[in-house]
Amino acid sequence: QVQLVESGGGLVQAGGSLRLSCAASGRTFSSYAVGWFRQAPGKEREFVTAIDWSGANTVYADSVKGRFTISRDNAKNTVLLQMNSLKPEDTAVYYCAATSAAWSRGIGDYDYWGQGTQVTVSS
């Protein structure tokens with residue numbers, strides 16, 4: 001079992017930065033790939049980025065490539081999402097999720113989910 005708790009969301013002006021954190025419990029967390037997803041009001045949940053168990057491999061949605069960076073510290077059971085050059089269209093609830101499979105863009109591939117943290121970017 002893995003439990004995930006996101007933090008770091010908030011209100012920021014366009015062009016600003018936020019860093020989200022995903023804290024995990026469970027001794028086997030280091031064996032899981034972790035993804036970040038987001039869901040804006042009235043829209044489906046969408047993939048943002050993912051990192052494999054080692055941290056050596058990452059993948060990003062085109063909409064955030066070059067602006068967002070995912071990283072992990074397995075010793076601290078934490079995955080970070082650094083978000084720079086934020087845009088109003090980045091406004092959403094951000095979720096972290098863990099999968100025992102290799103990293104994936106597919107929502108259905110993830111076994112564990114956090115409760116989400118709100119990110120609001122004002123124009």
- Using beta carbons and a limit of 6 Å, which pairs, at least six apart or on different chains, have the first residue in segment 1-16 and within 14 Å of T120 (Cα to Cα) and the second one aliphatic (A, V, I, L, M) and not in a loop (DSSP other than H, G, I, E, B)? G8/L20; G9/V119; V12/L18; V12/V121; A14/V121
- Message: Going through V93, V59 one at a time, which residue ends up being within 14 Å of L20 (Cβ to Cβ) and either out of contact with any helix residue (DSSP H, G or I) (no Cβ under 9 Å at 6 or more places or on another chain) or open to solvent by 60 Å² or more (accessible area, probe 1.4 Å) (or both)?
- Response: V93
- Please determine, by comparing only the residues of segment 17-70 that are under 12 Å from the mean Cα position of the chain (by Cα) and among the polar types (S, T, N, Q), which one is nearest to L4 (Cα to Cα). S21
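Just give me the residues in segment 16-53 being assigned to a loop (DSSP other than H, G, I, E, B) and either of a type in the set (V, I, T) or open to solvent by less than 10 Å² (accessible area, probe 1.4 Å) (or both), in sequence order. Let's see the steps before the verdict.
Restricting attention to segment 16-53, the residues satisfying the condition of being assigned to a loop (DSSP other than H, G, I, E, B) are 16-17, 26-28, 32, 40-45, 52-53.
Hit for segment 16-53 is T28, nothing else.
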- Message: Can you pull out every residue in segment 62-86 that is in contact with an Asp or Glu (Cβ under 8 Å, 6 or more places away or on another chain), under 12 Å from R19 (Cα atoms) and in a loop (DSSP other than H, G, I, E, B)?
- Response: none
- Which one is surrounded by the most Cβ atoms within 10 Å (Cβ to Cβ) among residues in segment 1-15 that are in contact with a strand residue (DSSP E or B) (Cβ under 6 Å, 6 or more places away or on another chain) and assigned to a strand (DSSP E or B)? L4
- Query: For segment 62-84, how many residues are over 17 Å from A98 (Cβ atoms) and either among the hydrophobic types (A, V, I, L, M, F, W, C) or surrounded by fewer than 14 Cβ atoms within 10 Å (Cβ to Cβ) (or both)?
  - Reply: 6
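Does segment 105-118 contain any residue that is hydroxyl-bearing (S, T, Y), on the phi < 0 side of the Ramachandran plot and part of a loop (DSSP other than H, G, I, E, B)? Steps first, answer last, please.
At the first step, the residues of segment 105-118 found to be hydroxyl-bearing (S, T, Y) are 110, 112, 117.
Imposing the further condition that a residue be on the phi < 0 side of the Ramachandran plot reduces the set to 110, 112, 117.
Filter again for part of a loop (DSSP other than H, G, I, E, B), leaving 110.
Scanning segment 105-118, I find at least one residue that is hydroxyl-bearing (S, T, Y), on the phi < 0 side of the Ramachandran plot and part of a loop (DSSP other than H, G, I, E, B), so the answer is yes.
The values are calculated or read from the model by the stated rules, or taken from the named source; none is laboratory data. Here the structure is a predicted model, which means the values were calculated and not measured. Virtual Cβ from ideal backbone geometry, glycine too; neighbours counted across all protein chains shown. For the accessible areas, the whole protein counts, side chains as well, though only heavy atoms, and no ligand, DNA or RNA atoms are used. Shrake-Rupley method; radii C 1.70, N 1.55, O 1.52, S 1.80 Å.
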